[in-house]
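The values are calculated or read from the model by the stated rules, or taken from the named source; none is laboratory data. The structure presented is a predicted model; accordingly, all values stated were derived computationally and were not measured. With ideal geometry, Cβ positions are generated from the backbone for all residues, glycine too; neighbour counts draw on all protein chains shown. Just so you know, the surface numbers come from the protein's heavy atoms only, side chains and all, with ligands and any DNA or RNA stripped out. Shrake-Rupley method; radii C 1.70, N 1.55, O 1.52, S 1.80 Å.
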Protein chains: 2
Amino acid sequence: MLKNSAEVDKIKEEVKNRAKVVNTIINSYLELKDPKVLYRAVRHLIDAGGKRLRPVLCLISAEAIKEDWNRILPAAAAIEIIHNFTLIHDDIMDKDLMRRGVPTVHTAFDESTAILAGDTLFAKAFEIIIDCDVNPKYLTKAIKMLADVCIRICEGQYLDISFEKRKYITEKEYFEMIEKKTAHLIAASCALPAVLFGKSDKLVNALWNFGLFSGIGFQIHDDILDLIGRDKIGKDWGSDIVEGKKTLIMIKAQDMGVEIDIFGKKRATEKEIENAVKKLLECGAIDYARNKAKEFIEKAKKELKILEESKAKTLLTQIAEYLVTREY
Amino acid sequence: MLKNSAEVDKIKEEVKNRAKVVNTIINSYLELKDPKVLYRAVRHLIDAGGKRLRPVLCLISAEAIKEDWNRILPAAAAIEIIHNFTLIHDDIMDKDLMRRGVPTVHTAFDESTAILAGDTLFAKAFEIIIDCDVNPKYLTKAIKMLADVCIRICEGQYLDISFEKRKYITEKEYFEMIEKKTAHLIAASCALPAVLFGKSDKLVNALWNFGLFSGIGFQIHDDILDLIGRDKIGKDWGSDIVEGKKTLIMIKAQDMGVEIDIFGKKRATEKEIENAVKKLLECGAIDYARNKAKEFIEKAKKELKILEESKAKTLLTQIAEYLVTREY
C-alpha cells in the first residue's frame with residue numbers, strides 16, 4: 001500500500017499532468033456554439049472540474065501496453081464525456097443539488113435542459129471516438145464495448161433507484177448494482193486501449209478486470225466518503241443516508257441490527273447526520289466496507305501480472321491503491 | 001402526386017411488409033430481461049406501434065442503390081430505436097400524456113425510469129449498428145453520421161422548447177428547428193445505406209437531401225395533423241396550440257395578425273380548440289403550411305434523379321408524396 005504523503009503527491013501529479021491533456025482535447029470537442037444555453041449546460045459539469053480518473057486510467061493503460069496514447073486520445077475524452085452525461089441524468093433522478101462544489105445542471109439551468117445536455121454529451125462521445133487513429137475493425141469493437149457499458153450503467157442506476165423502495169437488499173444485489181453503475185465504465189477505461197490497438201483477448205480481459213475490481217473498491221470507498229468526507233467531497237454530505245441509498249455500509253449495519261433513524265427520511269440536521277455516522281463507525285460497518293474495498297484493490301493488482309514491468313504499470317497499481325485511501 | 005386510394009393502399013402495404021422485418025429485428029435486440037421494469041419501459045413505446053417510417057425508408061434506400069438490406073438491418077433497427085429514445089425524452093420535457101394511443105413512458109412508469117429507458121435505447125442503438133455486415137471503415141463513417149444527427153436532434157428539441165418562451169419566431173428559425181429535430185434523422189435514414197455500402201459522396205448527398213426535404217415536409221404536415229387529425233393521431237389533439245408550440249401555421253397566423261387566444265394557455269376545452277382551428281383554416285395559415293410541405297416534397301423528388309429507375313425509386317417518390325397527404 002501507499003507509503004507516505006510524498007508518494008501520494010507524486011501520483012496526484014502524474015494524474016494531473018495527464019488530466020490536463022484530457023481537458024485540452026475535451027475543450028476542443030465541446031465548443032460553445034449555438035444554441036448557447038444548451039452548450040453552456042453541456043459544459044457546466046465538465047468545467048466544474050473533477051479528477052478525470054477514467055480517461056487518465058485510459059491513457060496510462062495505453063502506456064502500460066506500450067502504445068502511443070495520442071492515437072486514442074478521443075476515446076479517453078469520450079469516456080469522460082460519458083461519465084459526465086451519466087452524472088447529469090443521475091442528479092436529476094436523485095434530485096441532488098450540488099456536484100463538484102457547484103449546483104447540478106438541472107439546478108443551474110432546468111430539468112429539460114439537463115436531460116438534453118446529457119443526451120448531447122452521450123451522442124458527442126460516440127461522434128468523438130471515431131476520431132481515434134486506429135484500425136476501423138478495432139474501433140468498432142471498442143464502440144460496441146462502450147455502448148454495452150452504457151447499457152449496464154442505465155441498469156445499475158435503475159437498480160440503485162429501485163433499491164431505495166425496498167426494505168432489504170443483499171450484498172450480492174449491492175455488488176451487481178455498483179458493478180454496473182460504476183465499475184464497468186472504469187473497467188472499460190482500462191480495457192479500451194487494448195481493444196483499440198487490437199491486443200489479445202487475454203490482455204483485454206486482464207485490464208478489464210483490473211478496472212472492474214478497482215472500480216468496485218472505488219465505489220465502496222466513495223460511499224464511505226459520503227459519510228466521513230464532509231466538506232471535501234463537493235456534494236451534499238450524508239446524502240446517501242437521508243436519500244435511503246443502500247450502500248454496503250447500510251446493508252452491513254442492517255445485517256447487524258443497527259438502526260439508523262434518519263435513513264431514507266429525505267432530510268436531517270447536521271447533528272442527526274453526525275450521530276448516524278458515529279453509530280455506523282462504532283458498529284464496525286464502515287470498517288467492514290473499508291476492508292472490502294481494500295480486498296478488491298488487491299484482486300485488481302493481481303490482474304496486472306500479465307504486464308511487463310514499467311513506470312505505467314507501477315502507476316496503475318498506485319492509483320488503484322489511492323482509490324481506496326483518498327480523502328475526496 | 002398520388003392518384004387514388006388504391007395507390008395509397010399499395011404504398012401502405014409495401015411499408016407494412018418492410019416494417020414487419022424491422023419489428024422482428026428490433027424485437028430480437030430488445031429482449032425483456034432484468035431489471036424487468038426498466039426493460040418494460042424500454043419496450044413500452046416501441047410495442048405501442050408506429051409506422052416505422054425511418055427504418056423502412058432505410059431499407060428502400062438500400063434497394064434503390066441495388067444493395068442487399070439484410071446486411072444493414074441492424075442500422076435500420078438502430079434508427080428506429082434512436083427515434084423512440086428521442087420521443088420518450090421529448091414527452092418528459094413536453095409533459096405529454098399520450099403517444100401512439102397509449103400513456104407516455106413517464107406517465108405509465110415514472111420520470112426517472114423514462115429518462116433511463118431513453119438512455120438505454122440510445123446506447124442500444126450504437127451497440128446494435130455494429131452488427132451491420134459491411135466494411136468497418138464505412139461502418140465508422142455511418143456511426144459518426146448517426147451520432148452527429150443525435151446531437152442535432154438535441155439542439156432542435158432545445159430550440160423547440162426555447163421558442164415557447166419567446167413571443168416571435170421567424171420562419172427561418174422555425175425551419176432550422178425542424179431540420180434539426182426531425183428532418184436530419186429522416187435524411188440519415190435515407191443516406192445511411194449509401195454510407196454503409198461505401199457509395200460516392202454524390203449519391204450519399206442526394207439521398208441525404210431527399211430525406212432532408214421529405215422530413216421537412218413531413219414535419220410541417222405533422223403540425224397540420226395536430227390540428228385537423230383529431231381522433232386519428234393517437235396523441236393529445238391540439239396540444240401544439242395549448243402548449244404554445246411555434247409551428248409554421250402559428251408563425252404564419254401571427255404574421256397575418258390573427259390572434260389565437262388559447263395559444264400557450266396550457267389547457268383549453270374541446271370547443272376552444274375547435275374555434276382556434278377554424279380561425280387558422282379561415283385565415284389561410286393551414287393552407288400556407290400545406291403548400292410549403294408540398295414544395296419540399298417536390299424538391300425531395302428532384303434529388304432522386306441520380307438513381308436508376310427501379311421499383312424502389314418509385315416507392316421512395318410515392319412515400320415522400322404520402323408523407324404530406326396522410327391523415328395520421
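Rounded, prolate or oblate, given the Cα gyration tensor of region A:222-297, with a/c below 1.5 counting as rounded?
It is oblate, given that a/c is not under 1.5 and a/b is not larger than b/c.
Could you tell me which of rounded, prolate or oblate describes the protein assembly as shown, using a ≥ b ≥ c as the square roots of the eigenvalues of the alpha-carbon gyration tensor, with rounded for a/c under 1.5 and, failing that, prolate when a/b is larger than b/c and oblate otherwise?
prolate
From the phi angles alone, apply the Karplus equation (6.51, -1.76, 1.60; θ = phi - 60°) to region A:66-79 and give each ³J(HN,Hα) in whole Hz, x where the residue is Gly or Pro.
6, 10, 7, 5, 4, 6, 10, 3, x, 5, 4, 4, 4, 4
Once the principal axes of the Cα atoms of region A:1-154 are found, what is the range along each, listed largest first in whole angstroms?
So the three principal-axis extents are 44, 44, 30 Å.
Run through the other copies and list how far each one's label point is from that of A:Glu298, in nm with one decimal, shortest first; the point sits 7 Å from Cα along Cα-Cβ.
Values, ascending and in nm: 7.9.
Carbon and sulfur: what percent of chain A's accessible surface (1.4 Å probe)?
50 percent
If the label for B:Lys265 sits 7 angstrom from Cα along the Cα-to-Cβ line, what are its distances to the same label in every other copy, in nm to one decimal, shortest first?
4.7
Projecting each Cα onto the charge dipole of chain B (Lys/Arg +1, Asp/Glu -1 at the beta carbon, about the Cα centre), which of B:Leu97, B:Ala48, B:Leu73 comes out farthest on the positive side?
The one lying farthest along the dipole's positive direction is B:Leu73.
Quick one, can you get me the convex hull of the C-alpha atoms of region B:68-188 expressed as volume per residue in Å³?
Enclosed volume per residue, from the Cα hull, is 118 Å³.
Please determine, in degrees from 0 to 90 and to the nearest 10, the orientation of helix B:53-64 with respect to the longest principal axis defined by the Cα atoms of chain B, where the helix direction is its Cα long axis.
Rounded to the nearest ten degrees, it is 40.
Divide by every residue of the protein assembly as shown the summed helix terms, -39500 (n - 2.57) for each DSSP H run of at least 4, and state the resulting mean residue ellipticity at 222 nm, rounded to the nearest 500 deg cm²/dmol.
Mean residue ellipticity, 222 nm, calculated: -23000 deg cm²/dmol.
Along region A:265-270, what does the Karplus equation 6.51 cos²θ - 1.76 cosθ + 1.60 (θ = phi - 60°) give for ³J(HN,Hα), rounded to whole Hz, x for Gly and Pro?
Result, rounded to whole Hz: 7, 6, 9, 7, 7, 4.
Which residues belonging to region B:124-149 lose at least 30 Å² of 1.4 Å-probe accessible area when the assembly is complete, relative to their chain isolated?
Buried by 30 Å² or more upon assembly, which counts only protein chains, are B:Phe126, B:Glu127, B:Ile130, B:Pro136, B:Thr140, B:Ile143, B:Lys144, B:Ala147.
In B, who owns the beta-carbon nearest the axis carrying B over to A, and how many Å from it?
For chain B, the closest residue to the axis carrying it onto A is B:Pro136, 2.
How much accessible surface area, in Å² rounded to 10, belongs to the heavy atoms of B:Ser310 with a 1.4 Å probe?
It works out to around 30 Å².
At 1.4 Å probe radius, can you tell me the per residue accessible area of the protein assembly as shown in Å²?
On a per-residue basis, 40 Å².
On a 0 to 90° scale, report how tilted helix A:36-47 is relative to the longest principal axis of chain A, with both axes built from alpha carbons and the result rounded to the nearest 10.
80 degrees
To test your reading of the geometry: what angle, between 0 and 90 degrees and rounded to tens, separates the Cα axis of helix B:111-128 from the longest principal axis of chain B?
30 degrees
Please list, ordered by chain and number, the residues whose modelled amide H lies under 5 Å from the amide H of B:Arg99; skip anything fewer than 5 residues away on the same chain.
Placed amide hydrogens put B:Thr104 under 5 Å from B:Arg99.
Computed on alpha carbon atoms, what radius of gyration and Dmax characterise region B:37-114, expressed in Å?
Calculated on Cα positions, Rg and Dmax stand at 14.6, 45 Å.
Please check region A:153-190 for residues whose accessible area, probe 1.4 Å, is lower by 30 Å² or more when all protein chains are in place than in their chain alone.
Listed by number, the residues meeting the 30 Å² cut-off are A:Cys154, A:Glu155, A:Tyr158.
Sticking with the crude label model, points 7 Å out along Cα→Cβ, report the distance from B:Glu164 to A:Lys137 in nm, one decimal please.
Going by the 7 Å Cα→Cβ label model, 5.0 nm.
If Lys and Arg each add +1 and Asp and Glu each add -1, what is the summed charge of the other residues whose beta carbon sits under 14 Å from the beta carbon of A:Glu63?
Counting the neighbours of A:Glu63, the net charge comes to +1.
Say R0 is 41 Å: what FRET efficiency, to the nearest 0.05, do A:Glu259 and A:Glu308 get from their beta-carbon distance?
0.20
Computed on protein heavy atoms with a 1.4 Å probe, what is the summed buried accessible area for the chain pair A and B, in Å² to the nearest 100?
The A and B chains share an interface burying roughly 3700 Å².
Can you list the residues of region A:24-40 that have at least 20 square angstrom less accessible area with all protein chains present than in their chain by itself, probe 1.4 Å?
Buried-area filter returns A:Lys33, A:Pro35, A:Val37, A:Leu38, A:Tyr39.
Compute, for the protein assembly as shown, the length of the dipole vector about the Cα centre, with Cβ point charges of +1 (Lys, Arg) and -1 (Asp, Glu) only. Units Debye, rounded to 20.
Roughly 880 debye for the protein assembly as shown.
Kindly identify chain B as rounded, prolate or oblate by the Cα gyration tensor criterion: order the square roots of the eigenvalues as a ≥ b ≥ c, call it rounded if a/c is under 1.5, otherwise compare a/b with b/c, prolate if a/b is larger, else oblate.
oblate
Please give the Cα centre distance for region B:22-97 versus region A:170-208, rounded to the nearest Å.
About 28 Å separates the Cα centre of region B:22-97 from the one of region A:170-208.
Output ³J(HN,Hα) for region B:308-321: one whole-Hz value per residue in order, computed from phi by the Karplus curve 6.51 cos²θ - 1.76 cosθ + 1.60 with θ = phi - 60°, and x for Gly and Pro.
Going residue by residue, I get 5, 5, 6, 4, 5, 4, 4, 5, 4, 4, 5, 5, 4, 5 Hz, with x marking Gly and Pro.
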